[in-house]
Structure formats: C-alpha cells, structure tokens
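Structure, as structure tokens:
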Amino acid sequence: MEPIKYFFECLIPITVCNMKCHYCYVVQRGYRTMKMAEMRYSPKQIAEGLSHKRLNGAAYISICGIGETTMVKELPEICLELLKEGHYINITTNGTFIRFFDQFLELIPSEMLARVNFSFSFHYLELERMKAFEKFFANINRVKDAGCSILVQFNLCDEYEPHLEDIKRMCLENVGALPQIAATRDEFSLSKDIRLFTKHSVEEYVHSVDDFDSPLFKFTMKNFMVKRREYCYAGKWGGSLNLATGIFHPCYGSPVAFDIFKDPSKPIPFRAMGKHCCSLFCTNSSHFISLGMIPEYDAPTYAELRNRQTKKGEWYNETMKEVLSQKLYNNQELDTAIQKITSDIYYRIMGGGYNCKQLLKKVLRPIIKE
C-alpha cells in the first residue's frame, strides 16, 4: 500500500444546500446564495494538476462544499479521476442526496472504493424537520457495505442538548457506535476574540458531552485558541485548495495564493509555512496536525481521532485505517537549514512589512549568533 505524501483540504464554492442549519458558517455569515459552483477546470484537468507524477506520490484529498458537497454535479467524475491517480479521498456530506450516491457507486470501480471515506454530518434538527433519518442512515450503510470507510459526526450546539440521548441511541442502533463531535464556532467573532457557538462557558461546553468520549472533540478543544509557533510544513506537504479555481493557499490565513491547475507541466512551488502561521490557532488541527504537518507535535493519528469500533468491526476499512494512521513527516524529507532560511525570507517578503535591509538583519542575526 502506497504511503501518503500530501494532504489537500479542498473546497468547492457551491452554496446550494437542502438544509438550513442555524450554526452553519454559511448561514451565520449570510453567504447562502444558493448558487452552483462554477468549475473553471474539468475533472481531468483537476486530476492532471494533482497527478501522481507531478506530486511524486499519493495524497489524501478531503473534499467539502461551502454548501452541500454532493450537489456538485461534477463530483463523481472528479473523484474517479483522482482515484485513478492513486489518491485517497474524503467527501464530507449531509448524507441525504440519494442521486449522488447512485451515480457515485455506479461510476467508481469497486476496487477503488477502499480508498474512499465519507464523513457524514449528522444534522439532527434538520433531519428531523425533513423526516430524513431513515434516508441518512441508509446512505451511510450503503457506502459502508460497498467497501468505503465512514465517519459520523455532529456539530455541538446548545439546541442539541435536549436531543443528545436520542442522538446516541440512533447512532448506536444504525452505525454501531457513538458519533464523533465537531466544535462549532461563532462565525460573527473571527477577530482576536474567537468564541464557541454557545451560551455556556468553555468548560461547560466541553463537559456536556463527556459521555460521548469523542477523541476528535477532545483534540479540537485542546488546540482551540492555542497559537502554534512550531515549524509547520503546511504549504509544502499540502494545504488549502479551491477545486473550482485551482487556487492553492499554504494554509487558511496565508496571504500567498497561486493557481496550481493552470500549467500542470510545471512543478508546484511548494514552501513550508515554517513559523509564519497567520492564524490565532490551527483552525483545522484535527486534519493538519494529526496528519503530521508539525513534526515536533506528538499528536494522535488522523484515524485515532475518527475511527470507531463496532460489534461488526470498525468504521474504517483496513486500507484507510492504515493510510490515515501515517504521519507525513515519516513519508517526506524535512527541510534543511538552508531551505528553512529561504522559506523564512519568502514568507517575510510575501507578508510585507520589511525592506531588504531589515529583512537581512532579521534573518541573518540568529545565524550569526550561532
């Protein structure tokens, strides 16, 4: 089994969704324009931009829409082309769009399904409103029976408090284990005062779901509002990618951006962010840190944070469990001292605020001292 050398968190800017979750960041920010994504590149062009040959290895590619991911009509073909390149794929979905699952399972060869994971978001109140619980769990078990891996998670919010026991019961009965939990942010306070989407204190919020024993939630909260100052390889071993436009960012808060699909004949100019993280905390630590973007951070594996044991086995199949138990720093070469210096200079220039004289002093001073 080929190890993964890259991780791409891929966004598709579709704002169409059949749900109206009040905690959704699209709803909170007023971005729900109900528009389909305008895909600048075809599925084959996307795969060429992320080809195995160009990357010199396999990647774990996580795909999520701003709205409902599976309503992107090109998605089944995009997945097929990426799987042909030997990559591993995650699709985040609300699990209710049956036509997508019909098309996906018809198009993707059965031998490729072991390299696919579906992350199902359990939006309890909307599923209740839509009377779609049966449909939701049927789709989960359908892809699991076909050979895919699964994850079931819900966004913790105050409105779910009266329904937590029901959420437990339904998941135990239908997917054999308790769901994992995602922390929900207040999207109106994205400055230096980032808050959770709750009226409770942080301590009350965390302990309200102790009995779910969710490693994903515990790790997320451990890293919430903790500024990362270590040397980070986001930007070199992957990053944030818009699948519609090809625009790649080393990380969410980075000012650096370039189109990696425009000319697939050229190498991608990857550079590690190093110690130039622009975010107040690692906003997707359960992906980037758990996969090993920060070698000096001893974190649980991606699989350990998400996989659940059931009476019939596990949520992850053997392929995805093995792949997502890896660390990128074991499959990639670390930067040399010279590479770290050049990356430092690059991000200082791109971030602005320095003239050449100031820059040389800033970069060379610690070297001269040594």
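Things to note:
- Qualifying residue in the stretch 45-60 (condition: surrounded by 22 or more Cβ atoms within 10 Å (Cβ to Cβ), within 26 Å of Val152 (Cβ to Cβ), at pLDDT 95 or above and β-branched (Val, Ile, Thr)): no
- Any hit, the stretch 131-144, residues being surrounded by fewer than 18 Cβ atoms within 10 Å (Cβ to Cβ) and under 27 Å from Phe281 (Cβ atoms): no
- Restricting the stretch 230-259 to residues that are in contact (Cβ under 8 Å) with a residue 40 or more places away in the chain and over 21 Å from Cys277 (Cβ atoms), the residue that is nearest to the chain's Cα centre (by Cα): Leu243
- For the criterion of being more than 29 Å from Arg195 (Cβ to Cβ), without any contact (Cβ under 8 Å) to a residue 12 or more places away in the chain and in a helix (DSSP H, G or I), Arg142 fails.
- Residues of the stretch 308-326 satisfying the condition of being buried (at least 16 other Cβ atoms within 10 Å of the Cβ) and touching a residue at least 60 places away in the same chain (Cβ under 8 Å): Arg308, Trp315, Tyr316, Asn317, Thr319, Met320, Lys321, Val323, Leu324, Gln326
- Contact annotation: residue pairs with Cβ atoms under 9 Å, 6 or more positions apart or on different chains, pairing a residue in the stretch 67-91 that is more than 20 Å from Lys5 (Cα to Cα) with a partner that is assigned to a loop (DSSP other than H, G, I, E, B) and charged (D, E, K, R), are Gly67/Arg32; Gly67/Lys35.
- Some residue of the stretch 114-124 being of a type outside the set (S, T, N, Q) and out of contact with any strand residue (DSSP E or B) (no Cβ under 9 Å at 6 or more places or on another chain): no
- Hits in the stretch 268-294 (condition: of a type in the set (Ser, Thr, Tyr) and either touching an Asp or Glu at 6+ places or on another chain (Cβ under 9 Å) or in a loop (DSSP other than H, G, I, E, B) (or both)): Ser279, Thr283, Ser290
- Flag for Pro264 being in contact with an Asp or Glu (Cβ under 9 Å, 6 or more places away or on another chain), within 30 Å of Lys312 (Cβ to Cβ) and at pLDDT 95 or above: no
- Summed over the stretch 301-320, the residues that are of a type outside the set (S, T, N, Q) and farther than 19 Å from Asn90 by Cα give a count of 3.
The values are calculated or read from the model by the stated rules, or taken from the named source; none is laboratory data. If you're wondering where the values come from, they're calculated on a predicted model, not measured in any experiment. Please note: Cβ atoms are built from the backbone with ideal geometry, for glycine as well, and neighbour counts cover all protein chains shown.
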